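Scroll down for the structure; my scribbles are underneath it.
The values are calculated or read from the model by the stated rules, or taken from the named source; none is laboratory data. If you're wondering where the values come from, they're calculated on a predicted model, not measured in any experiment. For the accessible areas, the whole protein counts, side chains as well, though only heavy atoms, and no ligand, DNA or RNA atoms are used. Shrake-Rupley method; radii C 1.70, N 1.55, O 1.52, S 1.80 Å.
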Amino acid sequence: MEMNDAFIFELHHYRTKKEAGFEGIVGPFGKVLTIRPRDRIFGGKKLPKAELRVQGENMPEVRYRSDSLHPLSLENSSLFIDGTQAALDFNRRAFRNKSRALKISFRERSYTYTVVRTDRTFVLERSGVNVTLERAETTTGKGVKYVGAASDGADAVDLALAIVLKEVDTLPLTSIGAASAAVNAVLSPRRPEGGDYSD
């Protein structure tokens with residue numbers, strides 16, 4: 001988990017017949033891509049959960065599993081980093097984006113993942129370090145591109161987490177998501193609150 005100076009990078013969307021995700025050169029860590037099967041049948045086997053993983057020579061093994069295929073859900077999901085499950089939680093009773101931020105605990109680290117602008121800007125922070133990803137226009141006007149900025153001290157785990165979480169449905173972390181949840185609670189009062197973050 002080598003520390004690095006601040007740098008900027010870009011991620012571009014790609015798609016094949018079987019997979020989809022984002023790829024780019026992530027500063028000193030080289031080429032990185034996310035891989036998500038385009039359906040729940042992959043390699044002739046039905047996946048128990050949709051799975052997104054990070055691939056890169058200098059990246060840790062990160063896998064995000066979700067009951068939903070696309071977008072990947074925060075509910076009924078799990079996140080593994082080098083085989084260790086990280087704890088995920090957010091304050092469903094809060095209203096402001098900052099108060100609803102996702103809390104991630106991994107070994108001795110504690111992260112906060114905040115949606116600054118809905119579906120546009122995302123910030124992952126831990127003590128003294130942050131990684132920001134912002135949706136940007138492509139030169140052709142087609143496809144999807146994200147511009148990332150990593151602060152001094154950001155390492156491979158920080159980058160891998162920020163890149164993975166960008167593909168997760170973050171609406172529940174916003175005030176819009178809070179309002180939607182409140183409406184759903186009124187329309188479906190028996191629906192249980194919250195989610196299960198385990199397999």
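What to note about this one:
- Solvent-accessible surface (1.4 angstrom probe) belonging to Asp152, in square angstrom, nearest 10: 100
- Gain in span if fully extended, Ala87 to Val144, counting 0.36 nm per residue against the direct Cα distance: 17.6 nm
- For Lys49, the solvent-accessible surface with a 1.4 Å probe is about 30 Å², rounded to the nearest 10.
- Gain upon complete extension [Thr16, Lys103; 0.36 nm per residue less C-alpha separation]: 28.0 nm
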